[in-house]
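This report concerns only the one structure given below.
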Protein chains: 4
Amino acid sequence: MAGNSFGKLFNLTTYGESHGPALGGVIDGCPPGIELDLEAIQEELDRRKPGQSAIVTQRKEPDTVKFHSGIFEGKTTGTPIGFVIENTNQKSHDYTHIKDSYRPSHADYTYDVKYGFRDYRGGGRSSARETACRVVAGAVAKQMLSGVEIIAYVSGVGNMKLDKPYNKLDLTKVESNIVRCPDQEIASKMETYIKEVRGKGDTVGGIVSCVIKNVPAGLGEPVFDKLHAELGKAMLSINAVKGFEYGSGFHGSTMYGSDHNDAFNTDGSTKTNYSGGIQGGISNGMDIYFNVAFKPVATLIQEYETIDKEGKVVQMHGKGRHDPCVVPRAVPIVEAMAALVIADFYLINKIY
Amino acid sequence: MAGNSFGKLFNLTTYGESHGPALGGVIDGCPPGIELDLEAIQEELDRRKPGQSAIVTQRKEPDTVKFHSGIFEGKTTGTPIGFVIENTNQKSHDYTHIKDSYRPSHADYTYDVKYGFRDYRGGGRSSARETACRVVAGAVAKQMLSGVEIIAYVSGVGNMKLDKPYNKLDLTKVESNIVRCPDQEIASKMETYIKEVRGKGDTVGGIVSCVIKNVPAGLGEPVFDKLHAELGKAMLSINAVKGFEYGSGFHGSTMYGSDHNDAFNTDGSTKTNYSGGIQGGISNGMDIYFNVAFKPVATLIQEYETIDKEGKVVQMHGKGRHDPCVVPRAVPIVEAMAALVIADFYLINKIY
Amino acid sequence: MAGNSFGKLFNLTTYGESHGPALGGVIDGCPPGIELDLEAIQEELDRRKPGQSAIVTQRKEPDTVKFHSGIFEGKTTGTPIGFVIENTNQKSHDYTHIKDSYRPSHADYTYDVKYGFRDYRGGGRSSARETACRVVAGAVAKQMLSGVEIIAYVSGVGNMKLDKPYNKLDLTKVESNIVRCPDQEIASKMETYIKEVRGKGDTVGGIVSCVIKNVPAGLGEPVFDKLHAELGKAMLSINAVKGFEYGSGFHGSTMYGSDHNDAFNTDGSTKTNYSGGIQGGISNGMDIYFNVAFKPVATLIQEYETIDKEGKVVQMHGKGRHDPCVVPRAVPIVEAMAALVIADFYLINKIY
Amino acid sequence: MAGNSFGKLFNLTTYGESHGPALGGVIDGCPPGIELDLEAIQEELDRRKPGQSAIVTQRKEPDTVKFHSGIFEGKTTGTPIGFVIENTNQKSHDYTHIKDSYRPSHADYTYDVKYGFRDYRGGGRSSARETACRVVAGAVAKQMLSGVEIIAYVSGVGNMKLDKPYNKLDLTKVESNIVRCPDQEIASKMETYIKEVRGKGDTVGGIVSCVIKNVPAGLGEPVFDKLHAELGKAMLSINAVKGFEYGSGFHGSTMYGSDHNDAFNTDGSTKTNYSGGIQGGISNGMDIYFNVAFKPVATLIQEYETIDKEGKVVQMHGKGRHDPCVVPRAVPIVEAMAALVIADFYLINKIY
């Protein structure tokens, strides 16, 4: 109810602040008997972790996940899977300068209004650090969904776009560069661009695209819990996300029905896929694909003016580490959230 | 769980097929003591109803809502509010031609795969007819939220766009034309265009924009149930929606942080509002605004080829009534869903 | 959240007051393809209805259920099943005498404290009339659970007890008398006793016992949603219930472990069944059995003194119809709630 | 959904097996700004912990709780409170003897049927060890509910009963003896009796009674989530519980309405309290009181015959530590669950 749980049957609850002793979570509803590859889970977490390359935040965190329950002799038992990620770096900064003032476009002001006060160290609960727990749970979900392929990649950094549709790209190349853009040429330009932005202490937004293959037809619960509605919520719940579109998306709003309708092949597949693999809120067996828009994150390494709790104007200086462009690290988070959504509907569908 | 409920504390459950005896719903969690203006609820329903103008479907339905419970001496009692809308027109068509075949980009195929069979008459449960119940509940929510203003309007029909931001428009003009576009000049062009599309038996997509004013700061539950995440889910759950963006939206992904950050005024308001009234998933008291992309609906009054249950190719002809452009009727639905989301967070916020 | 829904996957939401225009409900999550015998549902409702015999309340209600959705060509479609029961008798009484005063041990006082005011006619939402909707949904659940037998019966009226365990009784005789006690001799005495109590305008409490046979092993979700915990909640949610015990129950608290442990047969069944068919919160395949204690209902046809809203002492006289002993009519309600619990766990178990 | 969460607004999710590395939980929904006395929480945990006296299990566990989040500068922040209790004693036993066989009246058989296999060490998830997490969360809830008094005590051990009602007892004496029975004389007899039972390697059941004082009128959500229905579920979810009754309870089923009705005083309080502080599912401001029946726990230190996975008869010998009578340690667990229920309804009531 208070917003720290996701999913109905495959349910994740998370806790943890940026600079508290640890983050953690509980996965409740993972079916028993799944052989878990714990190293693969750690690898997913490593894809998200700070300090992994020259274009992401340089915070030093090993981000090692420890499992406390729900796994026995290498397999899930059907009981809840508890896990913890310790914060090893939580005392390295002095945050008193932000204690009493509100950084623009952060959650400082809204947390104070809502809760009366806040853990201001590193953004507290509002820090994207909490997404580490999502990646752990998503990695478990991925293993449950063997056969389903979920691949996200960077398709936009600022005005620099990868304009090809996913099926014209070699998606095996996503991890071949630090931007996580499958087109090497564009990736190089993006990398250079992000470094420039970082050099100015500024940030820039971007787009993560995602495709999900081999989803069986039938997933999704109309009318409110349509498959794409839950995917949209999942993506919009990631820090810094401003928009979501699937299939033909916003462009589809300009089209004619006679062009947009996806004619059937005789096997039930469709000749085109403007529907994005979902019709009436239910998967139809075609590829599901969508785009997620990320704003430039608010932490800049620049001077700026803002207000304090009393409404007085104060001068601030962003310092330390910052993420010039969040999308490379967002790729595993988008995949994790997609995996959680598909896992949940996959289990719900067993009642039919 | 099966997807026919929306909201946690202000909760709506709906039922009903396009051509069954009736649609209905239950609102559970509406606080007691609210004086309900039942005529105002019926008026909202009239804004959604078929046959209201020359550019929408000509199905004839009075769409009269009857309340069964939860209201006593003109006020809500705090007990569940049950309501029913009879289908008066449910036998007027012969649907046997679609019984065994799958119309492209409808939910015929996916419902059959998921449920094994379906009520094929008029699309059954997958028909947008179910949104009538959303409008009833949204109208109740609006009355609970007195002071909060929720105004949706059409900002795009096909490639025809209303390019001004909401705060440059006279939003009192939305209902002054049948397109529900507040710019009369563009509205006229859109109307002509929709009539052309209708004349060809085709359909076209569009955009509904929405602004919510006077939302108190503090609504929204991070980390998963961010205010914009629930708004996004709410909008994506409406039939034919393909995308959602709020605040700076997809455009924001091209911006620099130094441009995008919303500097504070000394009263806690912000000089710009790229955040769209939401920071860290929580309302900050500024206007909330968002766009919703609708695809062209799939029902065409044209000849087309498709497949039947056995995978055999069949010739079909769309006939009868159709909605050439769904956005004018979608306006009250977008408002209703926004009202449900705000109402829910408004109640949740009482625990703080 | 506001308490008018029951069940997770097989979910019932109800609405309606004693003297409003209608009661109704929505069953969401009933799987598709179940052939529903609508007459059998009406028959269950007839077992609960007022006026059915000389020992129950004489309110005249046909209690006819009408289904609005979710059923097509005689089968469930997987979409929500909406239903309505009209109140035909809602204007027959004058309730102004209870408008401003609080009847002892009714919900008048607590509803006023909680909600600020109440629909006072016939108890409004607090009337056991709402259980009619439970019986409808329970009857649907029973049909989904073909093979599972759920049999409730009256085992106590005041101090008059049926002391034999369920497996020493001929449970086919439950409906052979108006008390619904399977031992004809005791039933006759109970009937005479209830008539005496009615003659004095008084009421008396009683016990309903219930046995559930052929439940597959494996139902129930530890740790919080143990099978017997949900059964207990279900029973305690019925009007006038004061206690619940299953298996060895309160008597079990006096026993030694060496006597209470149920030794296994080689097929996994047990030689005794003090466990009541549930171990660790999960069904073990043995019969589930439990007792439900009902207090004497509060409506008496007698003079009494009470207070009004202002705390002034007032003289009241209970008049009209009353239920001298609620347990005969409670039998189908207990069965219905048991069916809802089993149906819910049955669906949840499909994820394993 | 999978049963490891409790509560709607004040929500607890737990994880952990008896012999895994750690137990833990997440409290989501605790309001911000509550000054938490962490020592008081540890003290509650100490009341439950093994090895605390001569009449409970001698397992050695410090049961130290560590908080990971949601608390800042001594106060709750409104974000989720994660906590962990390490198992320090998890390797001290050899459990291979129970790996392949099913102990009578344990959850061994049902877990294997449900999940396909199980963590057999010390009962795994089915061990009452998980209740440690409930005590932590209950202690937090108690601190939120300052003013509300929740006092449980032992009122029965086998056939030995404390027959006085709670208001004839000196409840400040509960912790003055290791049985937790407020009547010192009966407590001494109970202690002697439990030691005898332990000496035989046997176990015996008992009753825990509980009273909750100073609950404001208005808590509880009819119709399904009545206050006593949730209390009943909460108690029945505790290991070894077989029955629950509140107010007049099972005895009330033998009474006449004319005796059972609680007449009002002019201030809205009642002269008697057969209702147990709850009318129509909603608290009326009077004391809430109830009894909880515990069976004798199944672990005996005796020879016995049982079956293995293949259905072969095997000889077993219970060895090591056992709890001869579970009720003294159940007292803080009953209080904790009561606190969770009241806390949840307390928050829900804020919407009214």
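So what's Rg/Rh here for the stretch C:100-214, counting alpha carbon atoms and using the Kirkwood radius for Rh? Show your work: numbers first, answer last.
Numbers: Rg = 18.0 Å, Rh = 17.0 Å.
A ratio of 1.06.
For D:V314, what residues show an amide H to amide H distance below 5 Å, using hydrogens built from the backbone and excluding near sequence neighbours?
Those qualifying (amide H under 5 Å, at least 5 residues apart or on another chain) are D:T306, D:I307, D:D308.
How much accessible surface does A:Y166 have with a 1.4 Å probe, in Å² rounded to 10?
30 Å²
Keeping all protein chains in place and using 1.4 angstrom, which order do C:K242, D:K189 fall into by accessible surface area, from largest down?
D:K189, C:K242
Using θ = phi - 60° and the Karplus curve 6.51 cos²θ - 1.76 cosθ + 1.60, what whole-Hz ³J(HN,Hα) does each residue of the stretch B:198-211 get, with Gly and Pro shown as x?
Using θ = phi - 60°, the values come out as 4, x, 8, x, 9, 9, 9, x, x, 10, 10, 9, 8, 10 Hz.
What share of all Cα pairs of chain C, in percent, falls into each consecutive 10 Å distance bin?
Calculated over all Cα pairs of chain C, the distribution is 5, 24, 32, 25, 11, 2, 0 percent.
Which distances, in nm and shortest first, link the B:K75 label point to the same label point in every other copy, taking 7 Å along Cα→Cβ?
Computed spacing set for this position: 3.5, 5.0, 6.0 nm.
Could you tell me which of C:N214, C:A240, C:Y256 has its Cα farthest along the dipole of the stretch C:209-258 towards the positive end, charges placed at Cβ (Lys, Arg +1; Asp, Glu -1), taken about the Cα centre?
About the Cα centre, the residue reaching furthest to the positive side is C:A240.
Ratio to report: Rg/Rh of the protein assembly as shown, with Cα atoms as the point set and Rh obtained by the Kirkwood method; give two decimals. Write out the running numbers ahead of the final one.
On the way: Rg = 31.3 Å, Rh = 32.6 Å.
Ratio of gyration radius to Kirkwood radius: 0.96.
What are the nm distances, shortest first, from D:G116 to its equivalents in the other copies, labels at 7 Å along Cα→Cβ?
Reported distances to equivalent positions: 2.4, 4.8, 5.4 nm.
Taking the Cα atoms only, what angle lies between the long axis of helix B:38-48 and the longest principal axis of chain B, rounded to 10 degrees?
60 degrees
Amide H of D:Q279: which non-local residues (sequence gap of 5 or more, or other chain) have their own amide H closer than 5 Å, using H built in the peptide plane?
Sorted by chain and number, the residues that satisfy this are D:N284.
Which whole-number value in Å² is the accessible area per residue of the stretch A:5-351, probe 1.4 Å? Write down the numbers at each step before the final one.
Details: 10730 Å² over 347 residues.
I get 31 Å² per residue for the stretch A:5-351.
Lys/Arg Cβ at +1, Asp/Glu Cβ at -1, dipole of the stretch A:5-351 taken about the Cα centre: which of A:Y115, A:G268, A:T64 is farthest positive-ward?
A:Y115
At 222 nm, what helix-only mean residue ellipticity would chain A give, in deg cm²/dmol to the nearest 500, using -39500 (n - 2.57) for each DSSP H run of four or more?
Details: 9 runs with 93 residues, N = 352.
Taking each H run of at least 4 residues, the total per residue is -8000 deg cm²/dmol.
On a 1.4 Å probe surface of the protein chains, which of B:T96, D:T306 comes out largest in accessible area, and what is the full order? Walk me through the intermediate numbers first.
Working: B:T96 85, D:T306 5 Å².
Listed by decreasing accessible area, they come as B:T96, D:T306.
Please get the size of the charge dipole for the protein assembly as shown, origin at its Cα centre, with Cβ charges of +1 on Lys and Arg and -1 on Asp and Glu, quoted in debye to the nearest 20.
That gives a dipole near 0 debye.
Between 0 and 90 degrees, rounded to the nearest ten: what's the tilt of helix C:227-236 against the longest Cα principal axis of chain C?
10 degrees
With every protein chain left in place, what is the accessible area of B:V113 in Å² (1.4 Å probe, nearest 10)?
We get 60 Å² for B:V113.
What dipole magnitude, in Debye to the nearest 20, does the stretch A:105-151 give about its Cα centre under +1 on Lys/Arg Cβ and -1 on Asp/Glu Cβ?
Details: 7 positive and 5 negative charges, 17 e Å.
My answer is approximately 80 debye.
Protein chains only, probe 1.4 Å: how do D:S248, A:S5 rank by accessible area, largest first? Could you put the intermediate results ahead of the total?
On the way: D:S248 15, A:S5 40 Å².
From most exposed to least exposed: A:S5, D:S248.
On the full set of protein chains, 1.4 Å probe, figure out the accessible area of C:F250 and give it in Å² to the nearest 10.
Answer for C:F250: close to 40 Å² accessible.
Quick one: what are the phi-derived ³J(HN,Hα) couplings along the stretch B:326-341, Karplus 6.51/-1.76/1.60 with θ = phi - 60°, whole Hz, x for glycine and proline?
Per residue, the Karplus-derived 3J(HN,Hα) values read 7, 5, x, 6, 6, 3, x, 6, 4, 4, 5, 5, 4, 5, 4, 5 Hz.
Let's see if you can work this out: charge +1 on each Lys and Arg Cβ, -1 on each Asp and Glu Cβ, no other charges. What is the dipole magnitude of chain D about its Cα centre, in debye to the nearest 20? It would help to have the intermediate numbers written out before the result.
Values: 39 positive and 42 negative charges, 133 e Å.
In debye, rounded to 20, chain D gives about 640.
In percent, what relative contact order does chain A have, based on Cα pairs under 8 Å that are 6 or more apart in sequence?
On the way: 723 pairs, mean separation 76.8, N = 352.
Value for chain A: 22 percent.
Determine the shape class of the stretch B:206-352: with a ≥ b ≥ c the square roots of the Cα gyration tensor eigenvalues, call it rounded for a/c under 1.5, and otherwise prolate if a/b is greater than b/c, oblate otherwise.
Working: a/c = 2.83, a/b = 2.25, b/c = 1.26.
Prolate, because a/c is 1.5 or more and a/b exceeds b/c.
If the label for C:T64 sits 7 angstrom from Cα along the Cα-to-Cβ line, what are its distances to the same label in every other copy, in nm to one decimal, shortest first?
Taking the point 7 Å beyond Cα along Cα→Cβ, the inter-copy spacings are 2.0, 7.2, 7.3 nm.
Each residue of the stretch C:11-26 in turn: what ³J(HN,Hα) in whole Hz from Karplus with 6.51, -1.76, 1.60 and θ = phi - 60°, glycine and Pro shown as x?
10, 10, 10, 10, 9, x, 9, 3, 10, x, x, 6, 9, x, x, 10
The values are calculated or read from the model by the stated rules, or taken from the named source; none is laboratory data. Since we're looking at a predicted model, the values are computed, not measured. No Cβ is skipped: glycine too gets one built from the backbone with ideal geometry, and neighbour counts run over all protein chains shown. Only protein heavy atoms, including side chains, enter the accessible area calculation; ligands, DNA and RNA are left aside. Shrake-Rupley method; radii C 1.70, N 1.55, O 1.52, S 1.80 Å.
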